[in-house]
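Asks: Before I ask anything, let me first share the structure, which is written out below as structure tokens.
Quick note: the coordinates plus some simple rules give every number you see, no bench work behind them. For clarity, every value in this text was computed on a predicted model and none was experimentally measured. Reconstructed Cβ throughout: ideal geometry from the backbone, glycine too, with neighbour counts over all protein chains shown.
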Amino acid sequence: MVKTFKIDSAKAKMVDKSTLLKVLSYIDSSEVRTPVLAINGEKVRANISLIGHNIRNCKAYYAVKANPDIGMIRLLNDTLLRDGSRCGFEISSMGELKVLMEAGVEPSRIICSNPVKTLAFLREAVDYGVTYYSYDSATEVDKLAVYAPGCNVYVRLSIPNEGSEWPLSKKFGVEVDDAVILLEKAVQKGLNPVGVTFHVGSQCNNIYNWNIALDKARLVFDMAGRKGIELSFLNIGGGYPVKYTKSVLAIDTIEKHINALIAERFGDDVSVAVEPGRAVVGDAGIMISSVTGKADRLDEKWLYIDVGVFNGLMESVGGIRYTYIVETTQHTGNKKSWVLAGPSCDSFDVIDKNVELNEPEVGDIVLVLSAGAYTISYASEFNGITIPKTVIL
Ligand SMILES: Cc1ncc(COP(=O)(O)O)c(C=O)c1O
């Protein structure tokens, strides 16, 4: 019997159709060895061209951590944006710097927004010519003063991450008063304080997080100005969401909102940076996996696939729920509820529960939609299981 991928209307709404079609024809045309992450290069280009477009005086810096595959970096580096420029890149570590160096990205298009950097990375970044760094502690000012003398610094603010599926607020960021103290300290240590940054939380579907963040940023600009420190750089971080199992705010809706807020609070004399990761690559990627086993345990039906929490779907344990499409001979009516688990021996390796799918056979393909971001970059080879390769279609 011929097997097909049954896509019901709820799933059809979650998927980027051009990406799904490309992946299905890739599966048809080649002997696919799973697990593999297939990326629709055209969708990545379309995403990066859109981001920052509706915010005045804004430059997008791709957050390399979302997917640092060298092919992805080359593709982004080669993409001409609507205004004829190329995107920038945000990095946090030596490994991310190395991949940009390998792709030949000039240092003038690289910023570092990790507030606490390793010394080895900092030395290498300075050596390469990177001049923009974030920070949120006095210790980091001392470090930057020694290893990156005179560099441009922007202070990370702490802001609420409510409504973001992957909150990032607790580890980094300071309140407004402390931010101003840190900017003064930067001046005393010979650094060049240029502005502020924040992160509303990844997969943010609460548009008001940007209101609070921009109010706080304005306060810092004002208070620093009164101390003679003129700021002009507003780095609004990442956070734009992609569709996993629910509809999300459209990027142009978010950006028009942010643009109006910035116009009200800052007027024209601010240069804006945005650091999207998930929204550039998330919905451009589909993880192609296959079924390795099935089991009935008490009253649960378990379905095992060759990608799991350790080798690609780590975000599933932190609240991200994916949409799955399964290869089957059955009709969409006969769905069963599955516990979906990965290939390792660890019982932590459970990707999702109550997943409604037609019953596949061992060897059948399971597609994990919107899997382009924070999958390969989080993956480990725990249990000797390989990390999926990335192919750009
Ligand atoms: C400093 C910084 N910038 C940008 C990003 C990218 O965020 P997102 O993928 O939500 O756009 C992150 C994500 O962790 C981050 O830590």
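Asks: Wrap a convex hull around the Cα atoms of region 52-275, take a quarter of its surface area, and give that in square nanometres. Walk me through the intermediate numbers first.
Replies: On the way: hull surface 46.4 nm².
Approximately 11.6 nm², given one-decimal rounding.
Asks: Work through the residues other than D8 whose Cβ is under 11 Å from its Cβ and net out their charges, Lys, Arg +1 and Asp, Glu -1. Display every interim value, and only then the final one.
Replies: Numbers: positive: K6, K11, K13, K335; negative: E356.
With Lys, Arg at +1 and Asp, Glu at -1, the net is +3.
Asks: Please report C345, C151 as a ranked list, fewest other C-beta atoms within 10 angstrom at the top and most at the bottom.
Replies: C345, C151
Asks: Where does the charge balance sit around K301 when Lys and Arg score +1, Asp and Glu -1, over other residues with C-beta under 9 Å from its C-beta?
Replies: -1
Asks: Whole-Hz ³J(HN,Hα) for each residue in region 199-207, computed from phi via Karplus 6.51 cos²θ - 1.76 cosθ + 1.60 with θ = phi - 60°, x for glycine and proline: what do you get?
Replies: For region 199-207, the Karplus curve yields 9, 6, x, 7, 6, 8, 10, 10, 5 Hz.
Asks: Can you give me the relative contact order of the chain as a percent, contacts being Cα pairs under 8 Å and 6 or more apart? Write down the numbers at each step before the final one.
Replies: On the way: 881 pairs, mean separation 83.9, N = 393.
This gives 21 percent for the chain.
Asks: Let me ask something else about it. What is the distance in Å between the Cα centroid of region 28-103 and that of region 208-249?
Replies: Distance between centres, Cα-based: 23 Å.
Asks: While we're looking at this one, here's another question. Can you compute the radius of gyration and Dmax for the chain, using only the Cα atoms, both in Å?
Replies: 22.2, 75
Asks: While we're here: What helices in the chain pass both tests, a Cα length along the helix axis of 24 Å or more and a mean Kyte hydropathy of 0.5 or higher, using whole DSSP H runs?
Replies: Membrane-span-like by this rule: not one helix.
Asks: Looking at this model, which pairs from K17/K353; K65/K256; K243/K353; K11/K335; K246/K294; K13/K171 are more than 23 angstrom apart at the alpha-carbon?
Replies: K17/K353; K65/K256; K246/K294; K13/K171
Asks: Would any residue of region 35-64 have its amide N under 18 Å from a label point 7 Å out along Cα→Cβ of L393? List them or say none.
Replies: Output list for this probe position: 35-47.
Asks: Are there any trypsin sites (Lys or Arg not before Pro) in region 306-349 that are in a DSSP loop and have at most 16 other Cβ atoms within 10 Å? List them by number.
Replies: Hits after loop and neighbour filter: R321.
Asks: Along Cα→Cβ, 7 Å out, is where each label goes; now give me the distance between the ones at D268 and M94 in nm to one decimal.
Replies: Taking the simple label geometry, D268 and M94 are separated by 4.6 nm.
Asks: First select every other residue whose beta carbon is under 11 angstrom from the beta carbon of R265; then total the charges, Lys and Arg +1, Asp and Glu -1.
Replies: Local charge sum for R265: -1.
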